[in-house]
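Heads up, the thing below is written out as structure tokens.
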Amino acid sequence: MSANETKTEVLPNVDGFKICCIGAGYVGGPTMAVIAKHCPNIRVTVVDLSQPRIDAWNSSKLPIYEPGLQDIVESVRGKNLFFTTNIDEEIVAADMIFISVNTPTKTKGIGKGCASNVKNIEACARNIAKVAKSSKIIVEKSTVPVQTASAISKILRANSDGSVDFQVLSNPEFLAEGTAVRDLLAPSRVLIGGPQNEAGFEAINKLVAVYANWVPRQQILTTNVWSSELSKLVANAYLAQRISSINSISMLCEASKADVEEVARAVGADVRIGPHFLRASVGFGGSCFQKDILNLVYLCESFGLPEVAEYWRQVVTMNEWQKERFTRRMISAMFNTITSKKICLYGFAFKKDTGDTRETAAAYVAKYLLDEDAMITIYDPKVEEEDMWMEFKYTLGITEATHPNLKKSIVLVHDPYEAAKDAHAIAIMTEWDEFKDYDYEKIFANMTKPAFMFDGRNILDHQKLYDIGFEVQCIGKQLPSHFDE
Ligand code: UDX
Ligand code: ADP
């Protein structure tokens, strides 16, 4: 019997409910803002350990950039949406607690480089058990290894006196950055996993009732906890696999004179395949894809399934090779040396319409260029300098200690024309729309010749650039060169 077959048709009344979300990040902030917007009778409070982060959510400059988010936050903040560091107080008051803390890939110990570090989740569970005085529904929102809900349940039970009940649900987030608000307002589906018993169904139905305020009921799927947790990893693995697949084909296209965009269009026209996530690129980034696949790999290995683990690991291996290969092509085109050459990267965010730099392909490309002693200028319309340095430090281990001239070799510039001035090459790292509209004649005139353009996103008008005089290379197709004339 599933929750759908029980009392779901008459959903419980959740008016007057209090929701607390632990973790005011990319997931917690936008998700709670949209819940608050659509559930005026629910009081939503987002809590975080970080005072600066909470202050930013309470200010006119939110800590994350997402199109449409500012308007939604401003419309409900102070009414039924609150941001605070009073974590314990809000846990006590809440009927339902979402856990939306970060779960980065472990950098040491068992599962290093693969498994997710769930210490923040465990800390939340222990804290809830310590301070809660009444029964609560706990909703695991962060992407977590399968079985985390069960671990949370055990910690809660072992650390409370038994007078209160905790039902732990899994409700993975499928929003994509840059379109988070749109994805939350009109999700393809909402997935809720919970214990398959009466108390579990009751808790599931309460969460269904929250979402049913704006999501059509048939798009709210209910499953057992494991299926829900695993589905999140599998969804991201499938999406990433499509990108690695088309990127692998991009290499074949460059070698064979086929055009990867034509191939993608032809292949994607088959309704069984579909057109989405077939854009060849310099490589996928973001906080989820690599982490989730590595999580899946670790899970398979833990269950003694090395062949399955290897199958999925290849998606990440192919992505790594795409980033390295892109840089190798750049170096090869520029006469096999880029020592002291100025190279300009357009874009540092892992995709357009976000300032997020986590696992961005641009950082890897910059690292390979840095290893060849290039002078790198970076322009991105949204990335903050501090986030760029954090990415170099925490993902790639690049600091002034490892590279003494780092802040001379890599410079974030706030004007795209200035960034490209005297450069030998421009490389497009992020598909920002504004890159399509620049005055490339002016840019070309101020560059060192021959001036190279490496389009890592295939967004520019390559013929026009060629006509201006650029040596152009892109992903997955051979373009004419002035040197062939
Ligand atoms: C992803 C999932 O899409 C989302 O459902 C999940 O909740 C979180 O992870 P996100 O990482 O925000 O979302 O962005 P997404 O749009 O999936 O892009 C990920 C990366 O793949 C980006 O670097 C993007 O540029 C790249 N990409 C995407 C391609 O290179 N080609 C494509 O065709 C699509
Ligand atoms: P995500 O992309 O998963 O939302 P973020 O890093 O953007 O990840 O946000 C996670 C947030 O969780 C951070 O603001 C961090 O300070 C917060 N956080 C981590 N651990 C705890 C904890 N134990 N209690 C409260 N907040 C926490």
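The values are calculated or read from the model by the stated rules, or taken from the named source; none is laboratory data. From a predicted model like this one, the values you see are computed outputs, not experimental measurements. Glycine gets a Cβ as well: all are built from the backbone with ideal geometry, and neighbour counts include every protein chain shown.
Okay, residues lined up against (1) modelled with pLDDT of 95 or more; (2) assigned to a loop (DSSP other than H, G, I, E, B); (3) buried (at least 19 other Cβ atoms within 10 Å of the Cβ):
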site: 240; (1), (2), (3): yes, no, yes
site: 247; (1), (2), (3): yes, no, yes
site: 258; (1), (2), (3): yes, yes, no
site: 264; (1), (2), (3): yes, no, yes
site: 267; (1), (2), (3): yes, no, no
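Selection of segment 36-72 for residues being closer than 23 Å to residue 93 by Cα, out of contact with any Cys (no Cβ under 7 Å at 6 or more places or on another chain) and within 15 Å of ligand 2 (Cβ to nearest atom) yields 48, 49, 50, 51, 53, 54, 55, 57, 58. Just one of the numbered conditions (1) modelled with pLDDT under 90; (2) of a type in the set (S, T, N, Q); (3) within 12 Å of ligand 2 (Cβ to nearest atom) is not true of residue 86: (1). Within segment 25-68, the set of residues being more than 17 Å from residue 140 (Cβ to Cβ), among the aliphatic types (A, V, I, L, M), away from ligand 1 (no atom under 16 Å from the Cβ) and not in a helix (DSSP H, G or I) comprises 42, 44, 49, 62. Considering 443, 459, the condition of being assigned to a helix (DSSP H, G or I), under 22 Å from residue 383 (Cα atoms) and not aromatic (Phe, Trp, Tyr) is satisfied by 443 alone.
Taken together, the residues in segment 375-402 that are touching a Phe, Trp or Tyr at 6+ places or on another chain (Cβ under 9 Å), touching a residue at least 12 places away in the same chain (Cβ under 8 Å) and either in a loop (DSSP other than H, G, I, E, B) or hydroxyl-bearing (Ser, Thr, Tyr) (or both) amount to 8.
Table: residues versus (1) at pLDDT 95 or above; (2) touching a Leu at 6+ places or on another chain (Cβ under 8 Å); (3) farther than 20 Å from residue 250 by Cβ; (4) not polar (S, T, N, Q).
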site: 285; (1), (2), (3), (4): yes, no, no, yes
site: 298; (1), (2), (3), (4): no, no, yes, yes
site: 305; (1), (2), (3), (4): yes, no, yes, yes
site: 315; (1), (2), (3), (4): yes, no, no, yes
site: 318; (1), (2), (3), (4): yes, no, no, yes
site: 328; (1), (2), (3), (4): yes, no, no, yes
site: 335; (1), (2), (3), (4): yes, no, yes, yes
site: 338; (1), (2), (3), (4): yes, yes, yes, yes
site: 342; (1), (2), (3), (4): yes, no, yes, yes
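Between 176, 199, 186, the distinction of being within 16 Å of ligand 2 (Cβ to nearest atom) and surrounded by fewer than 17 Cβ atoms within 10 Å (Cβ to Cβ) belongs to 176 only.
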